[in-house]
Amino acid sequence: MPIHFTRPGRQFSHAALFAALLFLFPEKTWALTAPSDVTLETNAFVQVRSQDEINTWYTEKKQIAIILGKKREFENVAPACGDAAIFCEAFLSRATREHIVLEHALELVPDALRASIESFAAKADRDPKNARLSVQDSKVIVSVPAENGIVVDTEASLKKLEEALRNSRDTKLAVTLESRSIPAKVSEETLAGLGITELIGTATTNFRGSPKNRIYNINRAVQDFDGIVIDPGAIFSFVDHLGEVDGEHGYLPELVIKNNKTEPEFGGGICQVSTTVFRAALQSGLKITERRNHAYPVQYYKPYGMDATIYIPKPDLQFKNNTPGAILLVPTIEGTTLTFAMYGTRDGRTTTIDGPHILESNPDGSMKTVFTQTVTDASGQAFINDSFWSNYKSPSLFPHPGDEPVYTVKPKDWSEKQWREYKKLRS
């Protein structure tokens, strides 16, 4: 058990010996005292830690100490001195050895300190925010400046907090933790290097005749895709950028195709946005990696065969930015016309869309279509030649609210239990 030297209220009579022993035992420090109030901060984020949490930072330990004015608590001093027994015998006078006692002292718990710093960092850390880009007079500009991110350096902060707790005797303590800045990818400084210089593709759809909730949801969803920058070589996921779709995030109930029905759900109408983005990606000569058509033909997406349905988490609309620069998405809504423009770097490619062609159209509204996207490089060599097939079922298979048939006789494929439950619901 190590020796801890505590200076009494009056001058230590063996000052030289005391200094020598401190040199021999450099790791010894004065006894710790726990502050009652600790504030952690970094940049503009500040948090006061609770007393219960501060208490977890310390553990009580027993150690040997020389305290003048107290009588020794050991019959045999040498075992009490442990590894320092030879120094006790050689350097401590008989009188001094009479004051070797067992002292209760506080020691820091690094794991508890680290846990507090990590808890602080979970709220203090901030992801960088890219600058919002827009187009003015055919030129891409920064409309909202970027914000750098912040991340707390846990290990450096742990060292700093430990040092502050060991050296301070104040009841109130404020510690500024170490952090580092994370620059935004899209900023005033990086704009020139992104390669967003000109229009590379555009597409429009019309949602004329939509109910007011559907119109509202389209306008709401467009906000999540305004100013998105897609890095060269990156895969764009519509669902990832869409985020949560519910009332809390500003959506209203509107009709969606789900569970073999057409029924109201938050976000009905978002597929107008995904379909327009899909067509803009096609016209820009991008590689489509994931797309699915709707279950049945929807009038808002004419010409039939070029729609893209989405639902969280699947199906999704995904495509790859196979251009030499970043791509900026710029949506606009004029009346009931939704347009998505893509700005980036032209590389001489040419895009041809053949179709859509209706291969089969049936009286019940079901149909099959196909169109082809062909993209050639500056030399005329085709590097994308993809066909997009759509197989639409009859709309009658997905009844709207109020369209469900009323049965007076049990259908042949129903069980007695199903029939009883149905009659109970209808009664």
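The values are calculated or read from the model by the stated rules, or taken from the named source; none is laboratory data. Please read all numbers here as calculations on a predicted model, not as lab measurements. Cβ placement follows ideal geometry from the backbone for every residue including glycine, while neighbour counts extend to all protein chains displayed.
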(message) If I ask for residues that are aliphatic (A, V, I, L, M) and either surrounded by 14 or more Cβ atoms within 10 Å (Cβ to Cβ) or assigned to a strand (DSSP E or B) (or both), which ones from the stretch 364-396 would you list?
(response) Met367, Val370, Val375, Ala382, Ile384
(request) Could you check Val144 against (1) at pLDDT below 90; (2) touching an Asp or Glu at 6+ places or on another chain (Cβ under 8 Å); (3) among the aliphatic types (A, V, I, L, M); (4) within 30 Å of Asn43 (Cβ to Cβ) and say which number it fails? (result) (2)
(message) Would you confirm whether or not the stretch 252-275 contains a residue that is in contact with a Lys or Arg (Cβ under 7 Å, 6 or more places away or on another chain), closer than 29 Å to Phe383 by Cα and of a type in the set (A, V, I, L, M, F, W, C)?
(response) no
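Yes or no, residue by residue, for (1) buried (at least 18 other Cβ atoms within 10 Å of the Cβ); (2) at pLDDT 90 or above; (3) not in a helix (DSSP H, G or I):
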site	(1), (2), (3)
Val48	no, yes, yes
Glu60	no, no, yes
Gln63	no, no, yes
Gly82	no, no, no
Ser116	yes, yes, no
(message) Filter the stretch 254-280 down to the residues that are assigned to a loop (DSSP other than H, G, I, E, B) and farther than 13 Å from Val222 by Cβ and list them by number.
(response) Asn259, Asn260, Gly268
(message) Among the residues that make up the stretch 354-374, is at least one of them among the small types (Gly, Ala, Ser), more than 19 Å from Ala295 (Cβ to Cβ) and modelled with pLDDT under 95?
(response) no
(request) Just give me the residues in the stretch 212-248 being under 18 Å from the mean Cα position of the chain (by Cα), outside any strand (DSSP E or B) and surrounded by 16 or more Cβ atoms within 10 Å (Cβ to Cβ), in sequence order. (result) Asp224, Phe225, Ile228, Phe238, Val239, Leu242, Val245
(message) Tell me the residue from Thr289, Thr262, Thr352 that is in contact with a Ser or Thr (Cβ under 8 Å, 6 or more places away or on another chain) and either surrounded by fewer than 17 Cβ atoms within 10 Å (Cβ to Cβ) or in contact (Cβ under 8 Å) with a residue 12 or more places away in the chain (or both), please.
(response) Thr352
(request) Would you mind stating whether Arg180 is out of contact with any Pro (no Cβ under 6 Å at 6 or more places or on another chain), basic (Lys, Arg) and assigned to a strand (DSSP E or B)? (result) yes
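Quick one: in the stretch 150-169, of everything that is in contact (Cβ under 8 Å) with a residue 24 or more places away in the chain and in a helix (DSSP H, G or I), which residue is nearest to the chain's Cα centre (by Cα)?
Across the stretch 150-169, the extreme among qualifying residues is Thr154.
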(request) Take Thr171 and decide whether it is exposed (fewer than 13 other Cβ atoms within 10 Å of the Cβ), at pLDDT below 90, among the hydroxyl-bearing types (Ser, Thr, Tyr) and out of contact with any Gly (no Cβ under 9 Å at 6 or more places or on another chain). (result) yes
(request) Report whether or not Gln136 is surrounded by fewer than 19 Cβ atoms within 10 Å (Cβ to Cβ), free of Cβ contacts under 8 Å to residues at least 12 places away in the same chain and not assigned by TED's automatic domain parsing to the domain that holds Val277. (result) yes
